1. State the answer as a single residue: which of T56, A21, G43 lies farthest towards the positive end of the charge dipole of the chain, with beta carbon charges of +1 for Lys and Arg and -1 for Asp and Glu, about the Cα centre.
2. Could you tell me the relative contact order of the chain? Use alpha-carbon pairs under 8 Å, at least six residues apart, and round to a whole percent.
3. Can you give me the % of accessible surface on segment 3-92 that is carbon or sulfur? Probe 1.4 Å, all protein chains present, nothing else counted.
4. Evaluate the Kirkwood expression for the hydrodynamic radius of the chain, namely the inverse of the mean inverse distance over all pairs of different C-alpha atoms, and round to one decimal in Å.
5. Would you mind pulling out the separation of the Cα centroids of segment 61-85 and segment 21-41, in Å?
6. Determine the shape class of segment 13-56: with a ≥ b ≥ c the square roots of the Cα gyration tensor eigenvalues, call it rounded for a/c under 1.5, and otherwise prolate if a/b is greater than b/c, oblate otherwise.
7. What figure, in Å² to the nearest 10, do you get for the accessible area of S22 with a 1.4 Å probe and non-protein molecules left out?
8. Which GluC sites (Glu not before Pro) from segment 1-89 combine a DSSP loop assignment with at most 14 other Cβ atoms within 10 Å?
Amino acid sequence: MTDFLYIDHVLASYFAASTGASDAEAVAQLRQHMLSSPSLARGLSEEVKRAFSEHTYSWRAVLAKCDVLCAEDEGEAKKYAQQLFAEIFAPA
């Protein structure tokens, strides 16, 4: 499985259960950070596109590793990730 450092960083830093933030709060904080760090926004966007196109990438594994979600299966995890990243990159 390919390592995606931006994805890992964002999930662990903003969306891990230990942060105590709701997804909406975490999305707002991350968007603010991406405004001040175009390299983060660009890197994350590129990695997300690559991760969704890579058939061997396990969203279930990365979400569990980053303490974001313990999904029942890969389909549930991928759906959650798609919704989450769609919200992150939605026009403000």
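1. G43
2. For the chain, the relative contact order is 33 percent.
3. 54 percent
4. Kirkwood hydrodynamic radius for the chain: 13.2 Å.
5. 19 Å
6. Working: a/c = 2.98, a/b = 1.33, b/c = 2.24.
Taking the square roots of the gyration eigenvalues as a ≥ b ≥ c, segment 13-56 is oblate.
7. 50 Å²
8. Numbers: sites: E25, E46, E47, E54, E72, E74, E76, E87; in loops: E54, E72.
Here the GluC sites (Glu not before Pro) that fit, given the DSSP loop and packing criteria, are E54, E72.
The values are calculated or read from the model by the stated rules, or taken from the named source; none is laboratory data. Note that this is a predicted model, so its numbers are computed, not measured. Cβ: placed from backbone, ideal geometry, glycine included. Neighbour counts: every protein chain shown. All accessible areas refer to the heavy atoms of the entire protein, side chains included, with ligands and DNA or RNA removed. Shrake-Rupley method; radii C 1.70, N 1.55, O 1.52, S 1.80 Å.
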